[in-house]
Amino acid sequence: MIMIRIHSVNVGALAISLAKVVLKKENKHDLNALGAGFFLHDLGKIHIPESIINKPGKLTGEEIQIMRRHPDMGFNLLLETKQISEESKLVVLQHHERFNGTGYPKKLRGEDIHIYGRICSVADVFDALVSKRPYKSQLSHFEALKLMKNEMLDHFHKDVFEKFVMMFK
């Protein structure tokens, strides 16, 4: 579970930085609440067996379905606490939605994905690519950004992705 904690901290820091750039002209956003959501984005993984999370090889179809439940599980945990903001809940629920509609859990597309989910999605994918995992080697920052641009660009809101890339300038 250490890997998940490091990933959550990395995603939280990246997503807060990106949120400051994307949302800088708007005062209506509570960055403290939003930051909590970014750091808690994978909360639902506490209900996923470690054997799936740390599996060194490719997941089976059944394991993929189990893993894809973590956004809903995390969202439901936050609902039960009645302590966490709507911003945080949106991040947890939508961080795996993709701009082209291929994400999960709801297969939202385009503008139906809240800006908070779009921000977290970019940070989450980037950190997954630059991190060493039992099932893959890590990429350099440049290689990760290049892969995201060349093979995944339709996963992300173009403006959010471009602002993320410019953070590395």
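Observations
- Note on residue 162 and residue 149: the model spin-label points, each 7 Å out from Cα along the C-beta direction, lie 1.3 nm apart.
- Highest to lowest packing among 140-153, 95-108, scored as the average C-beta count within 10 Å: 95-108, 140-153
- Counting only lysines at least 8 places from residue 89 when in the same chain, those with an alpha carbon closer than 20 Å to its own are 20, 28, 45, 106, 107.
- Annotation: extensible slack from residue 79 through residue 112 equals 9.8 nm (criterion: 0.36 nm per residue apart, minus Cα-Cα distance).
- Shown is the FRET efficiency for residue 54 and residue 26, computed with R0 = 41 Å from the Cβ-Cβ distance and rounded to the nearest 0.05: 0.55.
- A straight chain from residue 72 to residue 13 at 0.36 nm per residue would run longer than the Cα-Cα distance by 19.0 nm.
- Accessible area of segment 1-99 divided out per residue, in Å², using a probe of 1.4 angstrom: 54
- Carbon plus sulfur fraction of accessible area for the chain, probe 1.4 Å, in percent: 56
- Since only 93, 81, 54 are under comparison, the one whose Cα sits farthest along the positive direction of the charge dipole of segment 36-169, derived from C-beta charges on Lys, Arg, Asp and Glu, is 54.
- By the helix-only formula, in which each DSSP H run with n ≥ 4 contributes -39500 (n - 2.57) and the sum is divided by residues, the chain has a 222 nm mean residue ellipticity of -17500 deg cm²/dmol.
- Where only C-alpha atoms are counted, convex hull volume of segment 20-169 per residue in Å³: 116
The values are calculated or read from the model by the stated rules, or taken from the named source; none is laboratory data. Since this is a predicted model, take the numbers as computed values, not measurements. Note that we place each Cβ from the backbone using ideal geometry, even for glycine, and neighbour counts take in every protein chain shown. What goes into the accessible areas is simple: the full protein's heavy atoms, side chains included, and nothing from ligands, DNA or RNA. Shrake-Rupley method; radii C 1.70, N 1.55, O 1.52, S 1.80 Å.
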